[in-house]
Amino acid sequence: MRTEVLSVNDAAIARAAQIIRSGGLVAFPTETVYGLGADALNEDAVRKIFIAKERPFDDPLIVHIAAAQQLLLLARHIPQRAWELVKKFWPGPLTLVLPKTERVPAVTTGGLETVAVRMPGHPIARQLIELSGCPIAAPSANRFGRPSPTTAQHVLEDLDGRIELILDGGPTPIGVESTVLDLTQDPPMILRPGGVTLEVLQEILGEVRLLSSAKSEAAKRSPGTRWRHYAPRAQLVLAEPAELEQIVRELLKDGKRVGVMISQGRLPCSPDRLSVIHMPSDLSEYARLLFRVLRELDAHGVDVIVVEAVEEHGLGRAIMDRLRKACQSS
Ligand code: AMP
Ligand code: MG
C-alpha cells in the first residue's frame, strides 16, 4: 500500500474522511500526539489499526468524538461528574473511561466492557471526525512500543506502506498523550497521567487516585500499561540530577556512545561520544519536545540515552510516566 502525505486543507480533510468512512486508516494531528484513526464502530477497520501498529489486541483504543452528544452513543451510563468534566475540559486532553454500549465493538475496547472517550481540541481532528460522521478510534500513530509521533514525519517513519493517508498539520502542541481517567470506580482513578493534571482534577472531583505503577495492578486496570512503551532504540536510563554525571562518565568509560537529556544538572565536558540536549525547564515545553528528542537521539546513533529526572508535579507526572515506561525492559 502507498502511504500518501497531504498538507492539510479542505480537500485533504475531505479525502481523509472518505477513507475513514470506507473502512481505511488515516493518521491525523491532535493537540496531544498524532493519532491513527479508523471508524470506531467498524470492526474490520479497527482491526486494521492493531495490525498496522503491531499492537496487542487486548490494548484498548481511545474513541474520539466531535460533539459531547456522541458520548450517548458510546457510553451506557454517564454519571453527573462525567458531564461536569466534559463541560470543563472538552475539547481537550482528558479521556474518560465509562461503561460501553452495545454499539461499540469489543475489538475497539480490547474486549473490555468499558470504553475510553475523548473530544480532541485540535481543529483538524475535530473537522475530520465531523466530516467522517462517525466516532474515530485512534491510538497514537506509531509502531507499538516506539516513542509517540508528534510530527507527520514521525508517523511516516513508523507506518509508511501500512496506512492510506497521513494528514500533515505540523507539530502537535502538547506532545504527550491525554490523561486517562476511569470514572467506573469511586474515587475516580487516573490510569495514565497526561495533559490534564492530577492537581486540577482533584480541585474538581475531590479525591482522585493514581494507578499504582505496580505491574499487576496496572495490567488489570489498563492493559496498555503492561509493556515497554514510548521507547527509543537506544537503551534509556533515568538518572537523578545528583547521579547523572557519574552515570555518564561510566558509560563513556565503557566505550558507549551516549545521549544526554539534561534539564537542571551540568556536564563538565562534551567529548566525542556525547550528544547533549538541554531540555527546557518549563514542563509544557519539555512535554512538547520529549518524544521528538528521543527520536532525534536515536537518529544520532547513540547506544544509551541518559535522561535527568524531572519533578513529579503537574505535567512532570506525565513526563516521568513516559520516561519510566520507556526504561522498562519489557
Ligand atoms: P493510546 O491509544 O496509545 O494513547 O493508548 C490508550 C490507552 O488508554 C491504552 O493503552 C489503555 O491503557 C487506556 N485505555 C483505553 N481504553 C481503556 C479502557 N476501556 N479501560 C482502561 N484503560 C483504557
Ligand atoms: Mg500509544
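Could you give each residue of the range 55-68 its phi-based ³J(HN,Hα) in whole Hz, using Karplus coefficients 6.51, -1.76, 1.60 with θ = phi - 60°, and x for Gly or Pro?
Computed from phi, the couplings for the range 55-68 are 9, x, 5, 9, 9, x, 9, 8, 9, 9, 10, 10, 9, 4 Hz.
Round to the nearest 10 and give me the degree value, 0 to 90, for the angle of helix 315-327's Cα axis relative to the longest principal axis of the chain.
Roughly 70 degrees between the two axes.
Hey, got a sec? Which GluC sites (Glu not before Pro) in the range 112-205 land in a DSSP loop and have at most 16 other Cβ atoms within 10 Å?
GLU113
If amide H atoms are built 1.01 Å from N in the plane of the peptide, which residues on other chains or at least 5 residues away come under 5 Å of the amide H of ALA27?
Sorted by chain and number, the residues that satisfy this are GLY37, LEU165, ILE166, LEU167.
Compactness ratio of the chain: Cα Rg over 2.2 N^0.38 Å, N = residue count?
The reported ratio for this selection is 0.98.
Arrange the residues LYS100, LYS48, LYS253 by how much accessible surface each exposes, largest first, with a 1.4 angstrom probe.
Correct descending sequence by accessible area is LYS253, LYS48, LYS100.
Would you mind getting me the FRET efficiency between ARG249 and ASP282? Use the beta-carbon distance for r and R0 = 35 Å, nearest 0.05.
Taking R0 as 35 Å, the efficiency between ARG249 and ASP282 is 0.75.
Please find the FRET efficiency linking GLU240 to GLU157, where r is the Cβ-Cβ separation and R0 is fixed at 30 Å, and quote it to the nearest 0.05.
After rounding to 0.05, the efficiency reads 0.45.
Give me D for the range 1-148 in µm² s⁻¹, whole number, from Stokes-Einstein with Rh from the Kirkwood sum over alpha-carbon pairs, 10 °C and 1.306 mPa s.
It diffuses with D of about 105 µm²/s by this estimate.
Hey, with R₀ at 41 Å, roughly what FRET efficiency would ALA106 and ASP272 work out to, going by the Cβ-Cβ distance, to 0.05?
Working: r = 53 Å, r/R0 = 1.30.
With a Förster radius of 41 Å, E is 0.15.
When N is the residue count of the range 1-50, what does its C-alpha Rg come to as a fraction of 2.2 N^0.38 Å?
The reported ratio for this selection is 1.12.
Taking H as built 1.01 Å from N, whose amide H comes closer than 5 Å to the amide H of ARG76, not counting residues under 5 places away?
LYS100, THR101
Please give the per residue accessible area of the chain, computed with a probe of 1.4 Å over protein heavy atoms only, in Å². Write down the numbers at each step before the final one.
Numbers: 13710 Å² over 330 residues.
So the chain comes to 42 Å² accessible per residue, rounded to a whole number.
Quick query: amide H of ASP182 versus all other amide H atoms, modeled in the peptide plane; which residues come in under 5 Å with a sequence gap of 5 or more or a different chain?
The answer is VAL97, MET189, ILE190, LEU191.
Of all accessible surface on the range 1-84 at a 1.4 Å probe, what whole percent is carbon and sulfur?
Roughly 51 percent, rounded to a whole number.
In the range 125-147, whose amide N lies under 18 Å from the spot 7 Å out along Cα-to-Cβ of GLN69? List them in ranges.
126-136
Using 0.36 nm per residue of separation minus the Cα-Cα distance, give me the extension gain between ARG209 and HIS313 in nm, one decimal.
Residue separation times 0.36 nm, minus the Cα-Cα distance, leaves 36.0 nm.
The values are calculated or read from the model by the stated rules, or taken from the named source; none is laboratory data. Quantities reported herein were computed from a predicted structural model and do not represent experimental measurements. Glycine also receives a Cβ, built like all others from the backbone with ideal geometry; neighbour counts cover every protein chain displayed. In case anyone asks, the SASA skips ligands and DNA or RNA and just uses the protein heavy atoms, side chains included. Shrake-Rupley method; radii C 1.70, N 1.55, O 1.52, S 1.80 Å.
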